[in-house]
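Notes follow once the structure below has been shown.
Values in this text are rule-based calculations from the coordinates and carry no lab data. As the structure is a prediction and not an experimental result, all values here were calculated from the model. No Cβ is skipped: glycine too gets one built from the backbone with ideal geometry, and neighbour counts run over all protein chains shown.
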Amino acid sequence: MNRPTVSKILGTGSFVPSRVVPNDEFAQTLDTSDEWIRTRTGIRERRYAGPADTSATMGTLAAREALAAAGVKPADVDLIVCGTVTPDMVCPSTACLIQAYLECGTIPAFDVGAACSGFVYALSVADQYVRAGTARRVLVVGTEVLSRVSDFTDRNTCILFGDAAGAVVLGPTDDPGRGVHQIRLYADGSRQELIQVPSMVTPNPPPGAGVLPNLRYLRMNGREVFKFAVTKLKEMIGQAREDCGAVGKRIKLIVPHQVNVRIIDAALEDLAIPPEAVVVNLDKYGNTSAASVPLALDEGIRTGRCGPGDTILLVAFGGGLTWSSALVTL
Ligand SMILES: CC(C)(COP(=O)(O)OP(=O)(O)OC[C@H]1O[C@@H](n2cnc3c(N)ncnc32)[C@H](O)[C@@H]1OP(=O)(O)O)[C@@H](O)C(=O)NCCC(=O)NCCS
């Protein structure tokens, strides 16, 4: 009997814009300090897109790197799925723009909206296409320009976010034991008010819609999101350990959504996970939403912290609320 088709990560890539924004820059205009930001979040600096950078241009650069790493030509890609909450436009999708920039031909391309879980959600879509045999080379992109939805008068939020893009190429594998073992997705729309990014379509939602005031920029209830993030990160790592047992693997590296080092530390401490088993790069990039997991994954691979045959866990959580994980052997 034939084995069911399994998808595998064939290559990864990432892009960060060149403008480095250290914590001190915020202290010039806000009642904050490098010390507060470092100790309360772990962030030292983040990158901001230049005038010519957009989610689509940055996503394209990350995608080119992932395609090169996978040894796949743009003409051989047969689906693009992009996670973003900061698309260049509502229409066309950022995935369509990336498809045009890469000159992939008339392959299907669409965006997935799941905030900071956007990349893992997009990966789950790609995984289903590969498993079903309807796509053999899928480009999955997470890309964000959060600096363009940041309220620079609000010290509670603007210091947290950065701009970046990450990408992977997914394709089928015959290699037993390798590939995507399990992807788990969750959402709780009843808690939608905890993180919101407005749209030009409904700039002033009606009163009573459970919407926070002054909805021009990203708004967030940081304290509640913090609690949610610690709980879900722990839950998903625990669940992945069980999933791992079922496939006879051990997690070598956890690649969590990069939000706040205190969130990651709280989960690690409770689960007795050593720091070397987790990728943390939020000190350099802050929270880059849908770009965060593929950016950290690409760093983990390029710095040799994980490689072929290693089992890794991608974990993301954010607006929606949404939370998600992917257990993968590279
Ligand atoms: C936002 C976050 C850093 C705040 O840290 P915290 O330790 O929870 O801080 P609190 O919200 O309890 O605020 C404590 C005080 O610090 C102040 N504060 C907040 N941001 C500050 C800043 N940048 N500089 C100085 N003081 C700040 C608050 O105003 C508050 O002051 P008050 O006690 O006088 O009211 C933290 O809750 C967090 O990281 N949450 C998750 C955020 C996230 O990334 N979400 C995205 C989607 S996953």
Residue-wise HN-Hα coupling along the range 150-167, computed from phi with Karplus coefficients 6.51, -1.76, 1.60 (Hz; x: Gly, Pro):
8, 8, 7, 9, 10, 5, 5, 10, 4, 6, 8, 10, x, 10, 5, 8, x, 8
Would you mind computing the Rg to Rh ratio of the range 6-173 from its alpha-carbon coordinates, Kirkwood style for Rh?
1.04
Whole-Hz Karplus couplings 3J(HN,Hα) for the range 60-65, θ = phi - 60° and coefficients 6.51, -1.76, 1.60, Gly and Pro as x, run 5, 5, 5, 5, 4, 5
Residues whose built amide H sits under 5 Å from the amide H of Val6, excluding neighbours closer than 5 in sequence, are Thr173
If Lys and Arg each add +1 and Asp and Glu each add -1, what is the summed charge of the other residues whose beta carbon sits under 11 Å from the beta carbon of Val261?
+2
Sticking to Cα atoms, compute the Rg of the range 179-329 to one decimal and its Dmax as the biggest Cα-Cα distance, whole number, in Å.
16.7, 53
Skipping prolines and chain starts, which residues have an amide H placed within reach, meaning under 5 Å, of the one on Val278, given they are 5 or more residues away or on another chain?
Ile254
Quick one: angle between helix 222-246 and the longest Cα principal axis of the chain, in degrees between 0 and 90, rounded to 10, please.
10 degrees
Using the 10 angstrom Cβ neighbour count as an exposure proxy, how do Phe228, Phe317, Phe110, Phe161 rank, fewest first?
Phe110, Phe228, Phe161, Phe317
May I ask you to list the lysines whose Cα is less than 21 Å away from that of Lys249, ignoring any residue fewer than eight positions away on the same chain?
Lys8, Lys234
Karplus-derived 3J(HN,Hα), 6.51/-1.76/1.60, for each residue of the range 116-128, Hz, glycine and proline x:
5, 8, x, 5, 5, 4, 5, 4, 5, 5, 4, 4, 5
Computed on Cα atoms, Rg of the chain relative to 2.2 N^0.38 Å comes out at 0.94
Under a cut-off of 15 Å between alpha-carbon atoms, report the aspartates and glutamates in cross-link reach of Lys232, not counting same-chain residues fewer than 8 places apart.
Asp188, Glu224, Asp265, Glu269, Asp270
If you rank Ser7, Ser14, Ser190 by fewest surrounding Cβ atoms within 10 Å, what's the result?
Ser190, Ser7, Ser14
The chain, dipole about Cα centre (Lys/Arg Cβ +1, Asp/Glu Cβ -1), debye to the nearest 20
520 debye
Measuring from centroid to centroid over Cα atoms, what is the spacing of the range 110-136 and the range 140-186 in Å?
12 Å
Separation of alpha-carbon centers, the range 40-67 and the range 6-21, rounded to whole Å:
9 Å
Taking the Cβ of each residue in Met58, Met200, Met89 as the centre, tally the other Cβ atoms inside 10 Å and list the residues starting with the fewest.
Met200, Met89, Met58
Report the net charge of residues surrounding Thr329, where surrounding means a beta-carbon distance below 11 angstrom and charges are Lys +1, Arg +1, Asp -1, Glu -1.
+3
